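Scroll down for the structure; my scribbles are underneath it.
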Amino acid sequence: MNRLILGALLTLALLGVGLFWLQGRAQTEEGAPPPIPLAETEPVEKGLPVAEDTDAVGPAPPEATELTREQRRFFRYDRNRDLKITRNEMLSTRSDAFRKLDVDGNNLLSFEEWAVATAKRFDGADRDRNAKLTPAEFATTRPKPAKKKAPCRC
């Protein structure tokens, strides 16, 4: 019995909220200005606008610097641009290598397996043991180029 009364009260409450919502929406649409007829609008000028100050000169566009491939690779890891890669910066961008580090061959890679391999790689590159990689130290972590396949002799 209590469920029935509660259900009836909730139904009435939802109907009341819906009714007020619909009335509020109808009043908003009534107060909106009518659309402007096309005949009353001003004619649109064709062509581009002309500025009266023709001798104004804006700032020079910034010059793009050519970065080497290794510099671009370094800056992908160096998020805060302090020219040093911390352990956290190195670990945060290694998601692609995550799939290649299955040590036990079970097609499952735990975060610990991945983090240990990446931390070992970082420690091997950090020659001065200051927990930061300089650009020269980071260059030692560059992946080896893929071997080219011999052309097919069909």
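Sorted by mean Cβ packing within 10 Å, highest first, what order do the peptides 117-124, 58-65 take? Walk me through the numbers before you get to the answer.
Details: 117-124: 14.6, 58-65: 5.6.
Output ranking for 117-124, 58-65: 117-124, 58-65.
To the nearest 10 Å², what's residue 87's accessible area with a 1.4 Å probe?
Looks like 90 Å² after rounding.
Contour minus end-to-end for residue 91 and residue 70, with contour as 0.36 nm per residue of separation and end-to-end as the Cα-Cα distance?
Taking 0.36 nm per residue and subtracting the Cα distance, the gain is 5.7 nm.
Roughly how many nanometres apart are two label points built 7 Å out from the Cα toward the Cβ at residue 22 and residue 150?
Each label point is offset 7 Å from its Cα along the Cβ direction, giving 8.1 nm.
In sequence order, what are the phi-derived ³J(HN,Hα) couplings for the stretch 115-125 according to the Karplus relation 6.51 cos²θ - 1.76 cosθ + 1.60 with θ = phi - 60°, rounded to whole Hz, with x for glycine and proline?
5, 5, 5, 5, 5, 5, 5, 4, 5, x, 7
Give me a comma-separated list of calculated 3J(HN,Hα) values for the stretch 138-151, in order, Karplus coefficients 6.51, -1.76, 1.60 applied at θ = phi - 60°, integers in Hz, x for any Gly or Pro.
5, 4, 6, 8, 4, x, 6, x, 5, 6, 7, 7, 5, x
Using a 1.4 angstrom probe on the protein heavy atoms only, could you order 1, 90 from most to least accessible area?
Heavy-atom accessible area, descending, gives 1, 90.
The values are calculated or read from the model by the stated rules, or taken from the named source; none is laboratory data. Predicted model only: the values in this text are computed from it and were never measured. Counting neighbours? That spans all protein chains shown, and the Cβs are built from the backbone with ideal geometry, glycine included. Just the protein is used for accessible areas: all its heavy atoms, side chains included, with ligands, DNA and RNA removed. Shrake-Rupley method; radii C 1.70, N 1.55, O 1.52, S 1.80 Å.
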